[in-house]
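This report refers to the structure that appears directly beneath it.
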Amino acid sequence: MKYFAGIDVSLEECAVCVVDEEGGVVREGKVATEPSALVRWLAGCGVPLSRVGLEAGPLSPWLYSGLAAAGLAVVCIETRRLRALTKASR
């Protein structure tokens, strides 16, 4: 089974959700907007993550670097494009 994480970035804390490949929620919560806090939270899920989607924004380069340095397969996602994609793929 593959697992994926999505991170909605905000200045003080991020909303994080981990789902399996069938869309079932494994874990969700709020985490401080710090690379180390996000890495700890994601590791605490206890599942191997195939990909981590990070909302593109002003904090993205800093968070991306920290998550990638921890060995996570992270990608930045432009929210407007994601919205269009999800509407089109239904």
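Details
- Restricting segment 1-56 to trypsin sites (Lys or Arg not before Pro) that sit in a DSSP loop and have at most 12 other Cβ atoms within 10 Å of their own Cβ leaves LYS2.
- By the beta-carbon count within 10 Å of each Cβ, the least crowded to most crowded order of TRP41, TRP62, fewest first, is TRP62, TRP41.
- In a reduced charge model with +1 at each Lys and Arg Cβ and -1 at each Asp and Glu Cβ, the chain shows a dipole moment near 300 debye about its Cα centre.
- Ranking ALA70, ALA5, LEU38 by how far each Cα lies toward the positive end of the dipole of the chain (charges on Cβ) leaves ALA5 at the top.
- At q = 0.10, 0.14 Å⁻¹, base-10 log of I(q)/I(0) for segment 3-88 (Debye sum, equal scatterers on each alpha carbon): -0.22, -0.43
Every read-out reported here was derived from the displayed coordinates using simple, explicitly stated rules and does not represent laboratory data. The model shown is predicted, which means the values in this text are computed figures rather than measured ones. Glycine also receives a Cβ, built like all others from the backbone with ideal geometry; neighbour counts cover every protein chain displayed.
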